[in-house]
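Novice: Have a look at this one before I ask anything.
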Amino acid sequence: MTYRPAPIDTGAFAAERDGGHLTVIGSVVQRADARGHVTGRTEFFEDVAPPRLAHLKMHRSARHHARIAHVDVTGALAVPGVLRVLTHADVPNNVYTVLKLIGVEPDDEPVLAVDKVRYLGEPICAVVAETEAAALEGAARIEVGYEDLPPVFDVEEALKEGAPLVNEYQGQNHFVYEGHHCRRIRFGDVEEAFGRADHVFEWRYQSSPIEQAPVETTGCVVVPQADGRLRIHSDTQACFFTLDNTALILGVPFNRLRIVGGTVGGGFGGKVDVVAEPIACVAAMAVDRPVKYVYDRAEEMQVSSPRAAERIFIKDAVMDDGRIIGRKVTLYVDAGAYARHSPYGTTKAAAHLPGPYAIPNVWADCHCVFTNRTPSSAMRGFGVTIADFALESQMDRIARALDMDPLQLRLLNAYRDGDLKAHRKIAEGTALVEVIQKAAELAGHELPEAYRRMSSTTREGL
């Protein structure tokens, strides 16, 4: 039996069809990789099994925050089949940051820990062996002495005076944006708005770290080539980003590396950090043979970058008729021990405020905070997803407090084409009003005639 998808109503996309020349919008188009996936012919990085393949496993920190007093690798080297034990001294440019390619610095994360660990599970030594079992046994036999330091796990506690310093490379427990302690928005006069508002509502929102939990865990296979290049089979979500960062860490020209990727067994943002490929390349060069490095499920859950935990305080100045005339937001993003993509995610969150609403007075402080937790990073719209949860929860709570229809509250405050956003960009192609109207219609939610006549292209009737 042949599956034939139901036809899609493309009336809403008529303007985009360009007289029949464009046929994708509003149509069912088969993914280019679909047939390979369902027939089992798609090749993932773990399908690569070159001769003389060695295996890499990590000895990881058993502390959240501690100085490294000593490292003894003699037990690992005594394990039959162990080829090499790598430390920070074996990595050419050991301290890096993944966003330096777009000018976000300083370098703040060691590939392998140097004199301190900053989160539970931080890699300290890499063991390369003939078999996976030998590599695991070698990693387990490494002995590390610690001098414990007080950890900090809460974003607000981390910003208090006298809090333990998490990341000496950063120099403080927050990322610095153009000389400011946070990413800021100043639009209009929020305090004046609070002074004349009929109501002031303030609530707190909190999320937890969320692991992407892909079916395929993070990893790669690195194969040295006869011409001195390295061929890297990876499940990265960003091939060239990975290539460039790996080359910088290795201190080699970009053309010395070749990434073979593009097939990802689940990523959702969690495979954009460059954590597996650099050390696997160092290992492959050290033993002059192919090396495989892949997380087991416990590692994927413990040390792969989750969505950041966020804490958001929203304070709104609201009139009796439901118009929001001022919004003040304080956001804390838990970056964990290192920056990775969190400074960018925090900027995305700030740019999204105050949500898709025309609020004339907006104040926001968005803090990217370092704690002794697993470094966080990208996951499906990071920086915006949790902000939306908080903003839309806030809208529902305001509607309940005013005994007002929540859709009418949104329609009243929705931004229109031509509105100036809080970060001083002009809104274009908003369509929020029409989307709410259509959703109400489909749900059988009655709207008064005045609200059904509203449009995203005009503010008439408001």
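The values are calculated or read from the model by the stated rules, or taken from the named source; none is laboratory data. None of these values were measured; they are calculated from a predicted model. All Cβ positions, glycine included, derive from the backbone under ideal geometry; neighbour counts span all protein chains shown. Note: accessible area is taken over every heavy atom of the protein model, side chains too, but ligands, DNA and RNA are not part of it. Shrake-Rupley method; radii C 1.70, N 1.55, O 1.52, S 1.80 Å.
Novice: I'm told GLU43 meets every condition in (1) closer than 24 Å to GLU300 by Cβ; (2) within 29 Å of the chain's Cα centre (by Cα); (3) not in a loop (DSSP other than H, G, I, E, B) except one. Can you identify the failing condition by its number?
Specialist: (3)
Novice: Look through LEU149, LEU101 and report the one residue that is out of contact with any Ser or Thr (no Cβ under 8 Å at 6 or more places or on another chain), open to solvent by 50 Å² or more (accessible area, probe 1.4 Å), among the hydrophobic types (A, V, I, L, M, F, W, C) and touching a residue at least 60 places away in the same chain (Cβ under 8 Å).
Specialist: Result: LEU101 is the single residue among LEU149, LEU101 that is out of contact with any Ser or Thr (no Cβ under 8 Å at 6 or more places or on another chain), open to solvent by 50 Å² or more (accessible area, probe 1.4 Å), among the hydrophobic types (A, V, I, L, M, F, W, C) and touching a residue at least 60 places away in the same chain (Cβ under 8 Å).
Novice: Within segment 428-449, how many residues turn out to be surrounded by 12 or more Cβ atoms within 10 Å (Cβ to Cβ) and part of a helix (DSSP H, G or I)?
Specialist: Within segment 428-449, residues that are surrounded by 12 or more Cβ atoms within 10 Å (Cβ to Cβ) and part of a helix (DSSP H, G or I) number 9.
Novice: Name the single residue, out of those in segment 231-241 being open to solvent by 10 Å² or more (accessible area, probe 1.4 Å), in contact with a strand residue (DSSP E or B) (Cβ under 6 Å, 6 or more places away or on another chain) and without any contact (Cβ under 8 Å) to a residue 60 or more places away in the chain, that is farthest from SER304 (Cα to Cα). Walk me through it before giving the result.
Specialist: In the first step, residues of segment 231-241 are kept if they are open to solvent by 10 Å² or more (accessible area, probe 1.4 Å); the result is 231, 233, 237-241.
Then drop every residue that is not in contact with a strand residue (DSSP E or B) (Cβ under 6 Å, 6 or more places away or on another chain), which leaves 231, 233, 239.
Okay, now just the ones that are also without any contact (Cβ under 8 Å) to a residue 60 or more places away in the chain, so 231, 239.
Values: ARG231: 23, CYS239: 18 Å.
Taking the candidates together, the pick is ARG231.
Novice: What number goes with the only condition from (1) touching a strand residue (DSSP E or B) at 6+ places or on another chain (Cβ under 9 Å); (2) surrounded by fewer than 18 Cβ atoms within 10 Å (Cβ to Cβ) that GLU137 does not pass?
Specialist: With respect to (1) touching a strand residue (DSSP E or B) at 6+ places or on another chain (Cβ under 9 Å); (2) surrounded by fewer than 18 Cβ atoms within 10 Å (Cβ to Cβ), GLU137 is out only on (2).
Novice: Go over the candidates ASP198, ASP227, ASP189 one by one and state the one that is more than 27 Å from VAL95 (Cα to Cα) and free of Cβ contacts under 8 Å to residues at least 12 places away in the same chain.
Specialist: ASP227
Novice: Still on this model: Please note which strands (runs of 3 or more DSSP E) are completely contained in segment 257-332 and include at least 3 residues that are at pLDDT 95 or above and within 22 Å of ALA135 (Cβ to Cβ). I'd like the intermediate steps shown before the answer.
Specialist: On the way: elements: 257-260, 291-294, 310-318.
Here the list reads 291-294.
Novice: Okay, moving on. What tally of residues in segment 240-256 results from selecting those that are modelled with pLDDT under 95 and farther than 18 Å from TYR96 by Cα? Please lay out each step first, then the result.
Specialist: Pass one, segment 240-256, residues modelled with pLDDT under 95: 240-241.
This time we only want the ones that are farther than 18 Å from TYR96 by Cα, so: none.
Summing the residues that are modelled with pLDDT under 95 and farther than 18 Å from TYR96 by Cα in segment 240-256 gives 0.
Novice: Which of the residues that make up segment 353-392 are open to solvent by 10 Å² or more (accessible area, probe 1.4 Å), within 20 Å of LEU411 (Cβ to Cβ) and part of a helix (DSSP H, G or I)?
Specialist: Hits for segment 353-392 are ASP388, GLU392.
Novice: Suppose we filter segment 203-230 for residues that are open to solvent by 20 Å² or more (accessible area, probe 1.4 Å), on the phi < 0 side of the Ramachandran plot and of a type outside the set (D, E, K, R); how many remain?
Specialist: 9
Novice: Can you find even one residue in segment 186-198 that is touching a helix residue (DSSP H, G or I) at 6+ places or on another chain (Cβ under 8 Å) and of a type outside the set (Phe, Trp, Tyr)?
Specialist: Taking segment 186-198 and keeping what is touching a helix residue (DSSP H, G or I) at 6+ places or on another chain (Cβ under 8 Å), we get none.
No, there is no match, as no residue in segment 186-198 is touching a helix residue (DSSP H, G or I) at 6+ places or on another chain (Cβ under 8 Å) and of a type outside the set (Phe, Trp, Tyr).
Residues are listed down the side, and each one gets a yes or a no for (1) under 32 Å from the mean Cα position of the chain (by Cα); (2) hydroxyl-bearing (Ser, Thr, Tyr); (3) under 28 Å from SER305 (Cβ atoms); (4) at pLDDT 95 or above:
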| site | (1), (2), (3), (4) |
| --- | --- |
| ALA364 | yes, no, yes, yes |
| PHE370 | yes, no, yes, yes |
| ARG397 | yes, no, no, yes |
| LEU412 | no, no, no, yes |
| TYR415 | yes, yes, no, yes |
| LYS421 | yes, no, no, yes |
| GLU446 | no, no, no, yes |
| THR457 | no, yes, no, no |
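Novice: So, one more: Which ones in segment 242-263 are closer than 16 Å to GLU43 by Cβ, open to solvent by 40 Å² or more (accessible area, probe 1.4 Å) and hydrophobic (A, V, I, L, M, F, W, C)?
Specialist: VAL260
Novice: Let me ask another. What number of residues in segment 221-250 are part of a loop (DSSP other than H, G, I, E, B) and more than 22 Å from HIS341 (Cα to Cα)? Before you say what the answer is, go through the steps one by one.
Specialist: Just the residues of segment 221-250 that are part of a loop (DSSP other than H, G, I, E, B), to begin with: 225-229, 235-238.
From what's left, more than 22 Å from HIS341 (Cα to Cα): 225-229.
Result for segment 221-250: 5.
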